[in-house]
1. Give the range 243-268 a look and list any residue that's in contact with a strand residue (DSSP E or B) (Cβ under 9 Å, 6 or more places away or on another chain) and either free of Cβ contacts under 8 Å to residues at least 24 places away in the same chain or loosely packed, with under 14 Cβ neighbours inside 10 Å (or both), or say none.
2. Considering each residue of the range 1-44, count those that are in a loop (DSSP other than H, G, I, E, B), touching a residue at least 24 places away in the same chain (Cβ under 8 Å) and closer than 21 Å to residue 74 by Cβ, and give that number.
3. In the range 376-401, which residue that is buried (at least 18 other Cβ atoms within 10 Å of the Cβ) and at pLDDT below 85 is nearest to residue 298 (Cα to Cα)?
4. Which fully enclosed helices (runs of 4 or more DSSP H) of the range 242-351 have 3 or more residues being within 24 Å of residue 377 (Cα to Cα) and in contact with a helix residue (DSSP H, G or I) (Cβ under 6 Å, 6 or more places away or on another chain)?
5. Show the residue pairs that are 6+ apart or on different chains and have beta-carbon atoms under 6 Å apart, the first residue being within the range 136-149 and more than 12 Å from residue 188 (Cα to Cα) and not assigned by TED's automatic domain parsing to the domain that holds residue 191, the second being modelled with pLDDT of 90 or more and exposed (fewer than 13 other Cβ atoms within 10 Å of the Cβ).
6. Quick check, is residue 168 more than 30 Å from residue 58 (Cβ to Cβ) and either assigned by TED's automatic domain parsing to the domain that holds residue 60 or in contact (Cβ under 8 Å) with a residue 24 or more places away in the chain (or both)?
7. Here is a list of conditions, (1) touching a strand residue (DSSP E or B) at 6+ places or on another chain (Cβ under 7 Å); (2) at pLDDT 95 or above, and residue 285 meets all of them except one; can you say which number that is?
8. For the range 403-430, give me each residue that is surrounded by 11 or more Cβ atoms within 10 Å (Cβ to Cβ), part of a helix (DSSP H, G or I) and either modelled with pLDDT under 70 or touching a helix residue (DSSP H, G or I) at 6+ places or on another chain (Cβ under 9 Å) (or both).
């Protein structure tokens, strides 16, 4: 009858020692490095597991891993016997390595690893500020948020991100997504990035392939207030009125851009609008792609002009990448050169970086500016729930982080209110 035993060397050592699997069968044995280490005084040789001590931070991970190895090697042995194959150390090791590699490849997906991490979170201990204790519920909640953001990001890109993908491009694209699509604050984005970095370090300890970039200071947490850009109503009117008769490409981009600015919809939802969605002066969207929210939008006069131009259809759709590129070009041609504080990607010797600074306004334009401009320009003029019903925001808190009126804009609105309120009184006095 085959038997399994785990042993450690250097039982008197003060340093973590490797745990080795000894599998005895048919008058021989296989030695197999488990990849796990433990401090000798935390190892219970009789029970063949790590002791239940507060300082044994990876106790659950190691014990589960050892239990899985014991089951695997027994199963592999009996499968070889059942197949009437000669059992050798080579065959046992090869099969075991293959199964472990398959597991590691599965766990190399960030969201899969996170799901497993969260399943064990209630019993996991961590070391912080010199003391050891369980993960707090607040921390677990933050990891759940991280999982939801990774899932949404992967869904948008139609892929599953791996720890091996955590390079400069991922860092830049993911932060930009969290800022633009999720409208998260710099603080929340920082927490998500910190969690991914911590998970990558844990995955590396489990021999999962991890991109080295995530372990460097360049995989940083953004700090400070996020800076976003919007177009005001005068700028939108200038774009609408600009003569582009000599540039058919930009003319079509302008029309598509105006529809986005006047409907407050994402490019992914604009691309799905057909004649069937246009009913009695309204654009009806059964379910926004990202939120699943049903939206009905009255047709703006500018949009009606564009629909008439294209026989009650929208302009030909282009890819989001080209839309971002061409909309910048469009706004440059129109003359949106005003120095504006904002965030953009710049190319450095180390790759692309998201940088906040003062840039010509047209350089800060992307598809996200459409929805943000719609929300910002209508805020204060319509009840907030009305605007939210069109943008698809679920909560007022999320909506208020999305609009980008500065203190100066609010001051101007207040001045206009006072001017209108007291103008009639001055006229009566006069």
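1. If the condition is that a residue be in contact with a strand residue (DSSP E or B) (Cβ under 9 Å, 6 or more places away or on another chain) and either free of Cβ contacts under 8 Å to residues at least 24 places away in the same chain or loosely packed, with under 14 Cβ neighbours inside 10 Å (or both), then no residue fits.
2. Within the range 1-44, the subset in a loop (DSSP other than H, G, I, E, B) is 1-2, 9-16, 26-27, 39.
Next, only the ones that are touching a residue at least 24 places away in the same chain (Cβ under 8 Å) stay: 2, 10-15, 26, 39.
Within this subset, residues satisfying the condition of being closer than 21 Å to residue 74 by Cβ are 2, 26.
So the answer is 2.
3. Taking the range 376-401 first, the residues buried (at least 18 other Cβ atoms within 10 Å of the Cβ) are 376-379, 387-388, 390-393, 399.
With the extra rule that they be at pLDDT below 85, the set shrinks to 392-393, 399.
Numbers: 392: 15, 393: 18, 399: 20 Å.
Of everything passing the filter in the range 376-401, 392 is nearest to residue 298 (Cα to Cα).
4. Values: elements: 248-263, 267-270, 301-309, 320-334.
The qualifying helices (runs of 4 or more DSSP H) are 248-263, 301-309, 320-334.
5. Filtered contacts from the range 136-149: no entries.
6. Numbers: more than 30 Å from residue 58 (Cβ to Cβ): yes; either assigned by TED's automatic domain parsing to the domain that holds residue 60 or in contact (Cβ under 8 Å) with a residue 24 or more places away in the chain (or both): yes.
In short, yes.
7. Unmet condition: (2).
8. Answer for the range 403-430, where residues must be surrounded by 11 or more Cβ atoms within 10 Å (Cβ to Cβ), part of a helix (DSSP H, G or I) and either modelled with pLDDT under 70 or touching a helix residue (DSSP H, G or I) at 6+ places or on another chain (Cβ under 9 Å) (or both): 409, 410.
The values are calculated or read from the model by the stated rules, or taken from the named source; none is laboratory data. These numbers were taken from a predicted model, which means no experiment stands behind them. Because the Cβ atoms are built from the backbone with ideal geometry, glycine has one as well, and the counts that use them run over all protein chains shown.
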